[in-house]
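No value in this document is a laboratory result; all are computed from the given coordinates. Quantities reported herein were computed from a predicted structural model and do not represent experimental measurements. Every residue, glycine among them, receives a Cβ derived from its backbone with ideal geometry; neighbour counts consider all protein chains shown.
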Amino acid sequence: MIVLVTGGARSGKSSFAEKIYEGKKDVVYIATSKITDREMEDRIKLHRDSRPSIWRTFEGNYDLQSALGEERYYLLDCITVLTSNIMYDMTKDKERISIELQKTVEDAVYNELKALIDEINKRGYNLVMVTNEVGDSLVPENHIGRVFRDIQGRVNQRIAQISHEVYLVCCGIPMKIK
């Protein structure tokens, strides 16, 4: 089963995703965040403290299928940070990102996720993925921000298409939309 959980910032997405696996012991948490400053360190600590300590953690943004082991349940949190990290790796020296490079970044993110999803399906495992619904907020004032929003929106659409279930979380309330 492949489940995508989306919603705005601080909407309760991660909490809902973790509740899907409540009571399960054989869970792997695929963490895509990197500690880049004190704020991110604090955010990561909050996430670590919110999930059971018996869950195994895999940290990374590439070769995600290498997180797979004998466990049957996987939670990837989050696609938005994965996209940001891959986009930064591919475009960090650019002031403007061409349409061609945008498509290359989008495909790189999608291919990472698709490889993981394919392997999960092949093994009969379960995967819950968390992402942000970035199109419901302000239009970013700069080119890089708008490009990120566009890439993330398209990645979300592509992943939703190949997910068995999709939930939108708003104000801590999950709504099944697929």
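Checked against a 21 Å cut-off, the cross-linked pairs 122/176; 34/122; 13/45; 34/103 give Cα-Cα distances beyond that limit for 122/176; 34/122; 34/103. In the stretch 51-178, the DSSP beta bridges split such that about 45 percent are antiparallel, to the nearest 5.
Each label was represented as a point 7 Å from its Cα along the Cα-to-Cβ direction; for residue 34 and residue 9 these points are 2.0 nm apart. Of all trypsin sites (Lys or Arg not before Pro) in the stretch 80-133, which ones are in loop regions per DSSP and have a Cβ with at most 10 other Cβ atoms within 10 Å? Counting only loop positions with at most 10 other Cβ atoms within 10 Å, the trypsin sites (Lys or Arg not before Pro) in the stretch 80-133 are 92, 96. Count Lys and Arg as plus one, Asp and Glu as minus one, and take only other residues whose Cβ is under 12 Å from that of residue 54; the net charge is then +2.
When the charge dipole of the stretch 1-155 is built from unit charges on Cβ atoms (+1 for Lys and Arg, -1 for Asp and Glu) and taken about the Cα centre, the candidate among 17, 153, 64 whose Cα reaches farthest toward its positive end is 17.
Annotation: the stretch 2-176 has a Kirkwood hydrodynamic radius of 16.5 angstrom, from the mean reciprocal C-alpha pair distance.
Across the chain, the relative contact order, built from alpha-carbon pairs under 8 Å that are at least six residues apart, equals 39 percent. Extension gain for residue 70-residue 94 works out to 4.5 nm (0.36 nm per residue, less the C-alpha to C-alpha distance). Here the chain is treated with +1 on each Lys and Arg Cβ and -1 on each Asp and Glu Cβ, and its dipole about the Cα centre works out to around 400 debye.
Within the chain, the selection of entire DSSP H helices by a Cα span of 27 Å or greater along the long axis and an average Kyte-Doolittle value of at least -1.0 returns 99-123, 143-162. Could you please report the charge total around residue 109, scoring K, R as +1 and D, E as -1 over all other residues with beta-carbon less than 14 angstrom from its beta-carbon? Residues close to residue 109 contribute a combined charge of -1.
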